[in-house]
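Working notes for the structure below.
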Amino acid sequence: MSTPHAFMLQAQGLSLGPIQNLNFTWPTGVSWLCGDEGTGKTTLLRLLAGDVQPTAGAVTTPEGGVFWANLQDPAHDTTTVQASWDALRARYPNWNAALQQDLAEALDMTPHLEKRLNMLSAGSRRKVMVVAALASGATVTLLDQPFAALDMASIHIIEDFLHEAVHHTRRTWIVADYEAPAQWHTSRVLNLDLYASGGAQ
């Protein structure tokens with residue numbers, strides 16, 4: 001289903017688990033989805049991606065696809081880094097192979113391409129998802145705690161990418177984390193702690 005404005009993502013009366021009757025619209029650029037454990041950050045990302053179906057409400061998505069991947073799932077344990085990227089690349093026609101390679105080198109993942117995901121550290125496994133997300137070329141990219149378990153150098157690389165994406169006029173990135181950095185000029189912030197108490201509906 002397409003929006004009248006092709007680069008917006010909208011939740012209308014969306015409900016599942018801790019997410020109840022959520023009405024929210026995400027603009028282009030970078031937005032943050034914040035909240036403590038159990039407030040529904042991952043649930044909401046999965047709803048926006050169509051990975052799970054709501055008990056009520058609907059999500060309106062733009063042309064160009066929504067990127068979502070949970071490579072922490074044990075189902076991916078025996079898949080190699082390169083095979084993970086190859087499988088995701090087949091799903092996203094605007095995948096940027098050059099950016100994938102640049103990010104893999106910058107995040108020091110090139111020595112690990114043929115390793116299975118269960119052989120990687122928690123941080124390196126997180127990087128596999130982040131590289132795929134940033135290279136996907138999807139109109140909407142969903143990132144679930146992209147900085148978890150990463151070294152500071154890798155965090156800075158991802159932050160630099162997102163800083164450049166803040167003012168993008170044709171794509172949307174939604175970053176789920178415990179809080180949005182105070183210094184960021186983000187398009188929108190949805191705080192699920194406030195939403196749960198009725199402050200963000």
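The values are calculated or read from the model by the stated rules, or taken from the named source; none is laboratory data. Only a predicted model underlies this, so the values are computations on that prediction, with no experimental measurement involved. Don't worry about glycine lacking a Cβ; one is built from the backbone with ideal geometry, like all the others, and counts go over all protein chains shown. With ligands, DNA and RNA removed, areas are computed over all heavy atoms of the protein, side chains included. Shrake-Rupley method; radii C 1.70, N 1.55, O 1.52, S 1.80 Å.
Within region 89-107, the set of residues being part of a helix (DSSP H, G or I) and aliphatic (A, V, I, L, M) comprises A97, A98, L99, L103, A104, A106.
Tallying residues that are crowded, with 17+ Cβ neighbours inside 10 Å, aliphatic (A, V, I, L, M) and outside any strand (DSSP E or B) within region 51-82 yields 3. Checked against the criterion of being open to solvent by 10 Å² or more (accessible area, probe 1.4 Å), more than 23 Å from A180 (Cα to Cα) and at pLDDT 95 or above, region 30-50 contains one or more residues that satisfy it. Just one of the listed residues (G17, G35) is touching an Asp or Glu at 6+ places or on another chain (Cβ under 6 Å) and either of a type in the set (K, R) or in contact (Cβ under 8 Å) with a residue 24 or more places away in the chain (or both), and it is G35.
When region 44-60 is limited to residues that are of a type in the set (V, I, T) and touching a strand residue (DSSP E or B) at 6+ places or on another chain (Cβ under 6 Å), the one that is nearest to I19 (Cα to Cα) turns out to be T55. Of all residues in region 126-176, those satisfying the criterion of being polar (S, T, N, Q) and more than 24 Å from T39 (Cα to Cα) are S136, T139, S154, T169. Whenever a residue of region 164-181 is more than 16 Å from G137 (Cβ to Cβ), its partners that are part of a loop (DSSP other than H, G, I, E, B) and open to solvent by 40 Å² or more (accessible area, probe 1.4 Å), lying with C-beta atoms within less than 7 angstrom and at least six residues away or across chains, give the pairs V166/H185; A176/Q145; D177/Q145; Y178/D36.
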